[in-house]
Amino acid sequence: MAEASLLDRSRTVAGPGYNRWLIPPAALAIHLAIGQAYAFSVFKKPLGALISGDPSAPAAADWTPTQLGVIFSIAIVLLGLSAAIFGKWLERVGPRKAMMASALCFGGGFFIAALGVHLHNLWIVYFGYGVVGGIGLGIGYISPVSTLIKWFPDRRGVATGMAIMGFGGGAMIASPLSVALMDHFKSTGTGPMGVAATFLTLGIIYLLFMQFGVWTIRVPADDWVPENYVPNPQHSALITSGNVSADNALKTPQFWLLWVVLLTNVTAGIGVLETASPLVQESFSDAAMGVGRGVTAAAAAGFVGLLSLFNLLGRFFWSSASDKMGRKTTYAIYFGLGILLYALIPTLGRNLQLALYVGAACVIISMYGGSFSTAPAYLSDLFGKYQVGAIHGRLLTAWSTAGVLGPLIVNFLHESRKAQGFTGAAAYQTVFYTMAGLLVVGLLANLAVTAVNEKYNEKGPVDAEPGGH
Amino acid sequence: MNKPFVAPVAPETTSSGAAVFLAWAFVGIPLLWGVSQTFIKALDLFR
């Protein structure tokens, strides 16, 4: 039982002189690992050819793309649900135990999925990567957030931006790593397509890599504040000195306004991300640009890569900038600039202005990433530090909703336009105008955010109780 | 009238500079590798 006690919150309180700059790498170790989820698509073709051994000619018994798409959907839904459900538990037990739970679930999910691939049983894969791994994603995503905010009250946006940037970066590591592992195991004849062995290896790698975060993370002592720290008098209208519990936060209009803010921004961003490759190929095809001048599949993959980079950079840049500008202003920029760019993109597509088109998409995606990383700091401003991790977990249900809503809207509108005979950039026109309209809703919701009524604040000191840190 | 905020001071240490460097290297090296791989792929857009 000695090992279990090492995970307790009481054993993670930092002593005097602990360097707080050790906390962001601890958080990054978790987010870089679970960010793998965004790279799951690299397994779709190999998983769909486990029987035939040839992705271009799958056998009748092979899993279909639709069946395989469900794996990621389950994982993302479980991410939102577990973040919402386990948020209060996390606040009670502290970040170390939560990170360990995340590592065991995420790594264990890979092990179970490997068994499912080995036995060619899709339900085991759904349960492994989707359910167990998805719970690991949710707990891992929120586990370092409130700790970072407590260590960096003077730079909340910078701190959460650094961690949540890792979620974007995780896919960049996982994608080439997974391809290299599958190539290796395939060449050594370790099972069909090398997928099961790759899952097993990734499970071990991530379980070990996440241990760095587990054993490095510390919570600050209750009376700790950074040297020379004075609360920023600017933007103070929205920054509370009180503390609102996760349950009370749900009773405030501010929580639901932020839920709409995140939902609209993420739905719009997913619309671009989901369709990025076909979007740029169809809008700038050989037919439109001239033979040999259109965007090829390889160039479209480069476009997707560029969007991933801006997604990552935006998470850090915008969240850090929000420390100076204030969260409400930063979100107003996401929406104001977003509306302009979404409305402009169809025109850029029609006029075949590829460079401007790519530039606009990159800025949009940077703000999509920024909306994720700025949210914890916004919540902390409004509701205090008390249970910000749990409140953040509940807010992430907006992400799960957007994950379903975004692709649905995009596919429906795109297919409708195509059915009307539109092709190329014109087929996506209503998609972008609709997304711009969604952002108007988000802008209005953000403008309506005011300081939380003091009646929702916890009475008395909150740091002394077990759930208070 | 609010009282002016007076913060108790807990100075950061500079003694664990090497630990901080190693910690950042542990997460930074794989991240930079991933970013470089993505950047190389992104260059295809401009070829």
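The values are calculated or read from the model by the stated rules, or taken from the named source; none is laboratory data. Being a predicted model, the structure only gives us computed values, none of them experimental. Cβ sites come from the backbone with ideal geometry, for glycine too, and all protein chains shown count toward neighbours.
What the table below lists for this structure:
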read-out	value
Helices (runs of 4 or more DSSP H) (entirely within segment A:135-242) containing at least 2 residues that are over 22 Å from A:Arg20 (Cα atoms) and more than 10 Å from chain B (Cβ to nearest Cβ)	A:156-187, A:195-216
Which listed residue, of A:Ala60, A:Ala33, is within 20 Å of A:Ile164 (Cα to Cα) and at pLDDT 85 or above	A:Ala33
Selected residue [part of a helix (DSSP H, G or I), modelled with pLDDT of 90 or more and within 14 Å of chain B (Cβ to nearest Cβ)] from A:Leu81, A:Leu90, A:Leu28	A:Leu28
Residues satisfying the stated conditions in segment A:334-373, i.e. surrounded by fewer than 24 Cβ atoms within 10 Å (Cβ to Cβ), among the β-branched types (Val, Ile, Thr) and touching a residue at least 40 places away in the same chain (Cβ under 8 Å)	A:Ile339, A:Val358, A:Val363
A:Leu382 vs. criteria crowded, with 19+ Cβ neighbours inside 10 Å and within 14 Å of chain B (Cβ to nearest Cβ)	no
Selection count where residues are under 20 Å from A:Val42 (Cβ atoms) and aromatic (Phe, Trp, Tyr), scope segment A:191-226	3
All positions within segment A:300-315 that are of a type in the set (Phe, Trp, Tyr) and either in contact with a Lys or Arg (Cβ under 6 Å, 6 or more places away or on another chain) or at the interface with another protein chain (Cβ under 9 Å from one of its Cβ atoms) (or both)	A:Phe303
In segment A:278-295, the residues that are buried (at least 18 other Cβ atoms within 10 Å of the Cβ), within 14 Å of another protein chain (Cβ to nearest Cβ) and in a helix (DSSP H, G or I)	A:Leu279, A:Val280, A:Gln281, A:Ser283
Flag if A:Asp54 is modelled with pLDDT of 90 or more, under 30 Å from A:Ala196 (Cβ atoms) and not in a helix (DSSP H, G or I)	no
Elements of type helices (runs of 4 or more DSSP H) contained in segment A:304-422, each with 2 or more residues being of a type outside the set (A, V, I, L, M) and over 17 Å from the mean Cα position of the chain (by Cα)	A:327-350, A:354-383, A:397-419
Out of A:Pro16, A:Pro25, sole residue that is surrounded by fewer than 20 Cβ atoms within 10 Å (Cβ to Cβ) and not aliphatic (A, V, I, L, M)	A:Pro16
